[in-house]
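The values are calculated or read from the model by the stated rules, or taken from the named source; none is laboratory data. Since this is a predicted model, take the numbers as computed values, not measurements. Note that each Cβ is placed from the backbone with ideal geometry, even for glycine, and that neighbours are counted across all protein chains shown. Side chains are part of the model used for accessible areas, which takes the heavy atoms of the whole protein and leaves out ligands, DNA and RNA. Shrake-Rupley method; radii C 1.70, N 1.55, O 1.52, S 1.80 Å.
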Amino acid sequence: MSVELTGTYLTLEDGRPAVRFSRTYDQPPTRVWQFVTDPDELVRWFPSRAEFDPRPGATITFSGDPNMPESTGRIIAADAPRRLSFEWGDEELRFDIEETEGGRTRFTLTDVLGAEDTASRNAAGWEVCLAALDATVRGEPVAGPHAGAGAPWKAFYEGYVAAGVPSGAAVPGLD
């Protein structure tokens, strides 16, 4: 199965590895902000249910991911409706929302990795999750990010590995 890779592997200015994805939606920034901050919207595409108050320093609680135990993190930055970042395990997730021409919104997700060898694994996971977000934004019903065997995670993973993106980390649920 051939898939289109939409993520970019990069090294941030501070030397940390990251994967980054960008989408443009026909929604205003305030609506895209809801997809990122409303737990009932977020659970439709994000790997875990996330409960939090979007203010710096607040605790965020993650639950419901079949591949990870319940955990907590901390909100690092929140500037509605433009920016949210938080700790998720040993990673930092950054969501940047920018209004573009015609009332459209550019949405950028940056996953600042805890380890370089997680890049291909995480990028493949975000491809599946962002496909669920894309469908949600279009108003289509989605089964969530854990869509079962029909989700092309493995094809995305193999694509990123073939593209030379660092790999080798354990894959929850498979290793």
Residues that are open to solvent by 50 Å² or more (accessible area, probe 1.4 Å), of a type in the set (A, V, I, L, M, F, W, C) and modelled with pLDDT of 95 or more, drawn from the stretch 45-81: I76, A80
Some residue of the stretch 85-103 being touching a residue at least 40 places away in the same chain (Cβ under 8 Å), in contact with a Lys or Arg (Cβ under 8 Å, 6 or more places away or on another chain), surrounded by 15 or more Cβ atoms within 10 Å (Cβ to Cβ) and aliphatic (A, V, I, L, M): yes
Hits in the stretch 16-44 (condition: open to solvent by 50 Å² or more (accessible area, probe 1.4 Å), within 22 Å of W88 (Cα to Cα) and modelled with pLDDT of 95 or more): R16, R20, S22, Q34, D38
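S22: hydroxyl-bearing (S, T, Y) and farther than 25 Å from T100 by Cα, yes or no?
no
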Some residue of the stretch 95-103 being touching a helix residue (DSSP H, G or I) at 6+ places or on another chain (Cβ under 6 Å), charged (D, E, K, R) and within 21 Å of D26 (Cβ to Cβ): yes
Any hit, the stretch 141-153, residues being closer than 29 Å to L12 by Cα and without any contact (Cβ under 8 Å) to a residue 40 or more places away in the chain: yes
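Return the residues of the stretch 114-128 that are free of Cβ contacts under 8 Å to residues at least 40 places away in the same chain and open to solvent by less than 10 Å² (accessible area, probe 1.4 Å); say none if nothing qualifies.
Within the stretch 114-128, A124 is the sole residue that qualifies.
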